[in-house]
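Comments concern the structure below.
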Amino acid sequence: MARRLTFRNARLAGWLADYAARAQQSAFERGLMLYDKHRVWDYHASDQGLHASVEDVHSTFFQVNIHWNSKQSKTPLPPKISTMTADCGCTSTAPFCEHITAAIIYWVIRLDKTNEVDKAESAVDQGDSPAYRALVARLKKRVAKETPSYKHFDTSKLIMRPDLQNNAEEIVKTVMAQAAKKRK
Ligand SMILES: [Zn+2]
């Protein structure tokens, strides 16, 4: 049973949902599983990026290096996903493999816990905070654009259920499920 990813910060939850939509579904799910099994080691983050050693299910270690564009370092974390470069010692050809994904999830969860992002966004609210409204607005914009991953994402449910803002996993799963359905 996978641990639920719980966020205090709506922007971080939204960022991970964006990342999930860009990663291949199988790589994201395996990465979530590696994170869940505490396979992220030697973790080191700076404002330029992060390094981690990630152990796969066969106890092989892979070195993961992720860098963000240095021009981004003055903007608040997390950086734009498009400015991020990531490499891993494994043979995967996916843009973000399971090891990179595990390190990313570890990093985002840690950012959320240590409150390194803007504290004003961190309050748990009832769905009327600027952070929450920004997340809903962003998802609505995606739906309007009818990108494959978000075409059928029902933002009205999100409005009806403000508790969803703290449950990135649910957002991610919904997005992934719709993307998978679309591919069939
Ligand atoms: Zn890898």
Mind listing just one residue for me: the one in segment 30-65 that is among the charged types (D, E, K, R) and more than 14 Å from the ligand (Cβ to nearest atom) and, of those, nearest to Ile105 (Cα to Cα)?
-> Asp36
Restricting the search to segment 33-51, which residues are farther than 17 Å from Ile81 by Cβ and surrounded by 19 or more Cβ atoms within 10 Å (Cβ to Cβ)?
-> Leu34, Tyr35, Arg39, Val40
Can you name every residue in segment 95-110 that is near the ligand (Cβ under 8 Å from one of its atoms) and either surrounded by fewer than 23 Cβ atoms within 10 Å (Cβ to Cβ) or in a helix (DSSP H, G or I) (or both)?
-> Glu98, His99, Ile100
Enumeration of residues in segment 30-56 that are in contact (Cβ under 8 Å) with a residue 24 or more places away in the chain and not in a strand (DSSP E or B) = Arg30, Gly31, Leu32, Met33, Leu34, Tyr35, Asp36, Arg39, Asp47, Gln48, Asp56
Can you confirm whether segment 3-18 contains a residue that is closer than 20 Å to Arg110 by Cβ, modelled with pLDDT of 90 or more and either within 16 Å of the ligand (Cβ to nearest atom) or among the hydroxyl-bearing types (Ser, Thr, Tyr) (or both)?
-> no
Within segment 35-81, how many residues turn out to be hydroxyl-bearing (Ser, Thr, Tyr) and modelled with pLDDT under 85?
-> 4
Name the residues in segment 82-98 that are over 19 Å from the mean Cα position of the chain (by Cα) and modelled with pLDDT of 90 or more, would you?
-> Gly89, Cys90, Thr91, Ser92
Name the single residue, out of those in segment 78-94 being within 19 Å of Glu55 (Cα to Cα) and in contact (Cβ under 8 Å) with a residue 40 or more places away in the chain, that is nearest to the ligand (Cβ to nearest atom).
-> Ser92
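The values are calculated or read from the model by the stated rules, or taken from the named source; none is laboratory data. Everything numeric here is computed off the predicted structure, so don't read it as measured data. Ideal geometry is used to build each Cβ from the backbone, glycine not excepted, and the neighbour counts take in all protein chains shown.
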